[in-house]
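The structure under discussion appears below in the form of C-alpha coordinates.
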Amino acid sequence: MNFLRNVNPAGAISDFRTVYQQAGPNRWLFMVLAAATTAFLFSFLTGESWKKARALPEITYITAWPEHRTDAETRAFIAENQKRKEQREALQREYDQVGQDAWMALGRASGVDVDKLKAEADADKAKADAAARARAEAILERAGKPSVER
(Lines give C-alpha, C1' and ligand atoms only; values in the text may rest on other atoms or scores of the structure.)
Protein backbone atom coordinates (compact mmCIF):
# COMPACT_ATOMS: atom_id res chain seq x y z
CA MET A 1 0.00 0.00 0.00
CA ASN A 2 2.95 2.25 -0.61
CA PHE A 3 1.33 4.14 -3.47
CA LEU A 4 -1.50 5.49 -1.27
CA ARG A 5 0.96 7.85 0.41
CA ASN A 6 1.25 9.82 -2.84
CA VAL A 7 -2.52 10.18 -3.32
CA ASN A 8 -3.85 13.61 -2.31
CA PRO A 9 -7.61 14.17 -2.78
CA ALA A 10 -7.23 17.82 -1.80
CA GLY A 11 -5.18 18.43 -4.96
CA ALA A 12 -7.81 16.77 -7.14
CA ILE A 13 -10.59 18.84 -5.58
CA SER A 14 -8.67 22.11 -6.03
CA ASP A 15 -7.95 21.19 -9.70
CA PHE A 16 -11.67 20.52 -10.28
CA ARG A 17 -12.60 23.86 -8.68
CA THR A 18 -10.10 25.71 -10.91
CA VAL A 19 -11.37 24.04 -14.12
CA TYR A 20 -14.97 24.65 -13.04
CA GLN A 21 -14.34 28.36 -12.50
CA GLN A 22 -12.53 28.73 -15.85
CA ALA A 23 -15.34 27.03 -17.80
CA GLY A 24 -17.32 30.24 -18.06
CA PRO A 25 -21.08 30.76 -18.25
CA ASN A 26 -21.76 27.48 -20.15
CA ARG A 27 -20.31 25.24 -17.44
CA TRP A 28 -23.78 24.06 -16.31
CA LEU A 29 -24.68 23.09 -19.87
CA PHE A 30 -21.45 21.10 -20.24
CA MET A 31 -21.97 19.40 -16.87
CA VAL A 32 -25.52 18.36 -17.77
CA LEU A 33 -24.41 17.20 -21.22
CA ALA A 34 -21.55 15.13 -19.72
CA ALA A 35 -23.88 13.61 -17.10
CA ALA A 36 -26.53 12.80 -19.74
CA THR A 37 -23.94 11.20 -22.02
CA THR A 38 -22.59 9.11 -19.15
CA ALA A 39 -26.09 8.04 -18.07
CA PHE A 40 -26.99 7.17 -21.68
CA LEU A 41 -23.90 4.98 -22.13
CA PHE A 42 -24.36 3.25 -18.77
CA SER A 43 -28.00 2.52 -19.61
CA PHE A 44 -26.83 0.60 -22.68
CA LEU A 45 -24.16 -1.24 -20.72
CA THR A 46 -26.54 -2.33 -17.98
CA GLY A 47 -29.04 -3.57 -20.55
CA GLU A 48 -26.59 -6.01 -22.13
CA SER A 49 -26.51 -9.60 -21.02
CA TRP A 50 -23.57 -11.95 -21.26
CA LYS A 51 -25.78 -15.00 -21.07
CA LYS A 52 -26.89 -16.71 -24.22
CA ALA A 53 -30.60 -17.29 -24.50
CA ARG A 54 -31.46 -20.98 -24.15
CA ALA A 55 -32.68 -22.48 -27.39
CA LEU A 56 -36.08 -24.06 -27.18
CA PRO A 57 -36.16 -27.80 -27.92
CA GLU A 58 -37.40 -28.92 -31.27
CA ILE A 59 -40.18 -31.47 -31.05
CA THR A 60 -40.63 -33.87 -33.92
CA TYR A 61 -43.85 -35.80 -34.01
CA ILE A 62 -44.13 -39.18 -35.72
CA THR A 63 -46.35 -38.65 -38.70
CA ALA A 64 -45.42 -41.70 -40.77
CA TRP A 65 -48.25 -43.86 -39.43
CA PRO A 66 -51.80 -43.32 -40.51
CA GLU A 67 -54.04 -42.24 -37.66
CA HIS A 68 -56.54 -45.07 -38.05
CA ARG A 69 -54.45 -48.02 -39.16
CA THR A 70 -55.71 -51.51 -38.37
CA ASP A 71 -54.04 -54.24 -36.32
CA ALA A 72 -53.46 -56.23 -39.53
CA GLU A 73 -51.56 -53.29 -41.04
CA THR A 74 -49.49 -53.00 -37.87
CA ARG A 75 -48.64 -56.71 -37.91
CA ALA A 76 -47.69 -56.52 -41.60
CA PHE A 77 -45.46 -53.52 -40.89
CA ILE A 78 -43.75 -55.34 -38.01
CA ALA A 79 -43.27 -58.49 -40.10
CA GLU A 80 -41.74 -56.48 -42.94
CA ASN A 81 -39.34 -54.73 -40.54
CA GLN A 82 -38.37 -58.06 -38.97
CA LYS A 83 -37.67 -59.50 -42.42
CA ARG A 84 -35.44 -56.51 -43.28
CA LYS A 85 -33.65 -56.85 -39.93
CA GLU A 86 -32.97 -60.57 -40.53
CA GLN A 87 -31.65 -59.80 -44.04
CA ARG A 88 -29.28 -57.17 -42.62
CA GLU A 89 -28.09 -59.59 -39.94
CA ALA A 90 -27.50 -62.35 -42.51
CA LEU A 91 -25.55 -59.95 -44.71
CA GLN A 92 -23.47 -58.84 -41.70
CA ARG A 93 -22.74 -62.48 -40.80
CA GLU A 94 -21.62 -63.07 -44.39
CA TYR A 95 -19.31 -60.03 -44.29
CA ASP A 96 -17.92 -61.15 -40.93
CA GLN A 97 -17.24 -64.64 -42.29
CA VAL A 98 -15.44 -63.27 -45.36
CA GLY A 99 -13.30 -61.06 -43.11
CA GLN A 100 -12.57 -63.93 -40.75
CA ASP A 101 -11.55 -66.15 -43.65
CA ALA A 102 -9.18 -63.46 -44.95
CA TRP A 103 -7.55 -63.02 -41.53
CA MET A 104 -7.26 -66.80 -41.11
CA ALA A 105 -5.58 -67.07 -44.51
CA LEU A 106 -3.15 -64.32 -43.49
CA GLY A 107 -2.49 -66.08 -40.19
CA ARG A 108 -1.84 -69.40 -41.92
CA ALA A 109 0.55 -67.67 -44.34
CA SER A 110 2.34 -66.11 -41.35
CA GLY A 111 2.73 -69.48 -39.62
CA VAL A 112 0.17 -68.89 -36.85
CA ASP A 113 -2.00 -71.78 -35.62
CA VAL A 114 -5.32 -70.10 -36.46
CA ASP A 115 -7.41 -73.23 -35.82
CA LYS A 116 -6.24 -73.31 -32.20
CA LEU A 117 -6.92 -69.57 -31.79
CA LYS A 118 -10.38 -69.97 -33.33
CA ALA A 119 -11.20 -72.85 -30.99
CA GLU A 120 -10.12 -70.75 -27.98
CA ALA A 121 -12.16 -67.77 -29.19
CA ASP A 122 -15.23 -69.97 -29.76
CA ALA A 123 -14.85 -71.46 -26.25
CA ASP A 124 -14.58 -67.97 -24.73
CA LYS A 125 -17.65 -66.82 -26.65
CA ALA A 126 -19.63 -69.88 -25.56
CA LYS A 127 -18.62 -69.26 -21.93
CA ALA A 128 -19.66 -65.58 -22.15
CA ASP A 129 -23.00 -66.56 -23.74
CA ALA A 130 -23.64 -69.13 -21.01
CA ALA A 131 -22.86 -66.57 -18.30
CA ALA A 132 -25.19 -64.03 -19.92
CA ARG A 133 -27.94 -66.64 -20.20
CA ALA A 134 -27.46 -67.59 -16.53
CA ARG A 135 -27.70 -63.93 -15.46
CA ALA A 136 -30.87 -63.49 -17.53
CA GLU A 137 -32.44 -66.60 -16.03
CA ALA A 138 -31.53 -65.44 -12.52
CA ILE A 139 -33.21 -62.10 -13.17
CA LEU A 140 -36.30 -63.84 -14.52
CA GLU A 141 -36.43 -66.16 -11.50
CA ARG A 142 -36.25 -63.19 -9.13
CA ALA A 143 -39.06 -61.54 -11.07
CA GLY A 144 -41.14 -64.73 -10.84
CA LYS A 145 -41.37 -65.31 -14.58
CA PRO A 146 -40.62 -68.56 -16.41
CA SER A 147 -37.21 -68.91 -18.03
CA VAL A 148 -36.76 -68.41 -21.74
CA GLU A 149 -35.67 -71.40 -23.83
CA ARG A 150 -33.29 -70.79 -26.69
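The values are calculated or read from the model by the stated rules, or taken from the named source; none is laboratory data. As the structure is a computational prediction, the values presented were derived from the model and not from experiment. When we count neighbours, we look across all protein chains shown, and the Cβ atoms used for this are built from the backbone with ideal geometry, even at glycine.
Numbers for the structure displayed
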{"quantity": "Close pairs from the range 2-21: first under 17 Å from ALA34 (Cβ atoms), partner aliphatic (A, V, I, L, M), Cβ under 9 Å, at least 6 apart", "calculated": "TYR20/MET31"}
{"quantity": "Qualifying residue in the range 111-122 (condition: under 34 Å from the mean Cα position of the chain (by Cα), part of a helix (DSSP H, G or I) and not β-branched (Val, Ile, Thr))", "calculated": "no"}
{"quantity": "Options VAL114, VAL98, VAL32: the member that is touching a Gly at 6+ places or on another chain (Cβ under 7 Å) and either modelled with pLDDT of 90 or more or loosely packed, with under 10 Cβ neighbours inside 10 Å (or both)", "calculated": "VAL114"}
